Amino acid sequence: MNYESLIFDIDGTLWDSRALVAEGYNLQLCAEGLAHLCVTAEDLKPLFGKVMTEIADVILAEIPLPERYALMDRCMTTENEYLHQNPCEIGYPNIRETMEALAKNHRLFIVSNSQCGYPELCIEKLGLGEYISGHLCFGDTGTEKGETIRRLMERHGIESAVYVGDTQGDMEAAEKAGIDFIFAAYGFGTPERYVARIERFEDLLKL
């Protein structure tokens, strides 16, 4: 397999932030007297990989629009602040070492369905700053992931790439962007199609 660039998902691919994200959301929900809407890591597992409005439609379904999305924005702001204060020792094994090796022969990027600030936070906490050439997320574009991948590719002049992720949504996004998909089987999902499957992040080096 020979790709000029590798584009990575975050949650379920680079780290597992479900517990910390739930704690961040819950801080805001409790502060607003909505403790009955608090979530757990397991609640978030089937939702990770979806855009923020879709997550809000599930966990904040009883809140009418448009306040639902405004509340979700506040939850995400608190989440970002909470993660910044936390050491975030939630990366999968050998992420930094593998990225360092991959960066010798490839440009590396991140595309996520997250809010603004989340990719930067992941890059900072995992020590990936010198290896990641660029990133884009739903908060930046307001579009579904396939379109966000396309925009990243256009912005950086990427002609040959593969997307590395863990869910059906990641697979569909890669297909919409017209690139191959590698399945991170240690993550959260069970996508239908992929050109390769990795059981550990460092398996990318074998490909």
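The values are calculated or read from the model by the stated rules, or taken from the named source; none is laboratory data. These figures come from a predicted structure and were not determined experimentally. Please note: Cβ atoms are built from the backbone with ideal geometry, for glycine as well, and neighbour counts cover all protein chains shown. Just the protein is used for accessible areas: all its heavy atoms, side chains included, with ligands, DNA and RNA removed. Shrake-Rupley method; radii C 1.70, N 1.55, O 1.52, S 1.80 Å.
Quick check for you: with a 1.4 Å probe and neighbouring chains kept, what is the accessible area per residue of segment 14-110, in Å²? Please list the in-between numbers first.
On the way: 4710 Å² over 97 residues.
Roughly 49 Å² per residue, with all protein chains present.
Report the local net charge at Ala22: Lys and Arg +1, Asp and Glu -1, summed over other residues whose C-beta lies under 13 Å from its C-beta. Each step should come with its number before you reach the end.
Working: positive: Arg18, Lys45; negative: Asp11, Asp16, Glu23, Glu42, Asp43, Glu79.
It works out to a net charge of -4.
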Seminar exercise, completed: From DSSP H assignment alone, runs of 4+ in the chain each adding -39500 (n - 2.57), the sum over residues rounded to the nearest 500 puts [θ] at 222 nm at -12500 deg cm²/dmol
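Can you tell me how segment 90-207 classifies by the Cα gyration tensor, rounded, prolate or oblate, using a/c under 1.5 as the rounded cut?
Working: a/c = 1.32, a/b = 1.07, b/c = 1.24.
In terms of gyration-tensor shape, rounded.
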For this session: Just the number, please: percent antiparallel of the DSSP beta bridges in the chain, rounded to the nearest 5.
Result: 5
For this session: Classify segment 17-124 as rounded, prolate or oblate, taking a ≥ b ≥ c as the square roots of the eigenvalues of its Cα gyration tensor: rounded when a/c is under 1.5, otherwise prolate if a/b is larger than b/c and oblate if not.
Result: prolate
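Roughly speaking, what is the stretch gain from Asp73 to Glu159, that is 0.36 nm per residue apart minus the C-alpha to C-alpha distance, in nm to one decimal? Intermediate values should be presented prior to the final figure.
Details: separation 86, 0.36 × 86 = 30.96 nm, distance 3.43 nm.
Extra length available between Asp73 and Glu159 comes to 27.5 nm.
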For this session: With a 1.4 Å probe and every protein chain kept in, tell me what percent of the accessible surface of the chain is carbon plus sulfur.
Result: 48
Exercise. So which residue, out of Ala31, Ala41, Ala22, gets the largest mean-square fluctuation from a GNM of the chain using Cα contacts under 10 Å as springs?
Worked result: Ala31
Exercise. So for the chain, taking the charge dipole from beta-carbon charges (+1 Lys/Arg, -1 Asp/Glu), which of Leu136, Tyr25, Tyr3 sits furthest toward the positive end?
Worked result: Tyr3
Seminar exercise, completed: quick shape note, the chain: Cα extents on principal axes in Å, largest first -> 52, 33, 29
Exercise. What is segment 100-203's relative contact order, in percent, from Cα pairs under 8 angstrom and six or more apart in sequence?
Worked result: 19
Problem set entry | Distance between modelled label sites at Thr53 and Glu89, nm, 7 Å Cα→Cβ extension | 4.0
Exercise. In whole angstrom, how far apart do the alpha carbon centroids of segment 56-120 and segment 183-197 sit?
Worked result: 20
Seminar exercise, completed: So, relative contact order of the chain in percent, Cα under 8 Å, 6 or more apart, is 26
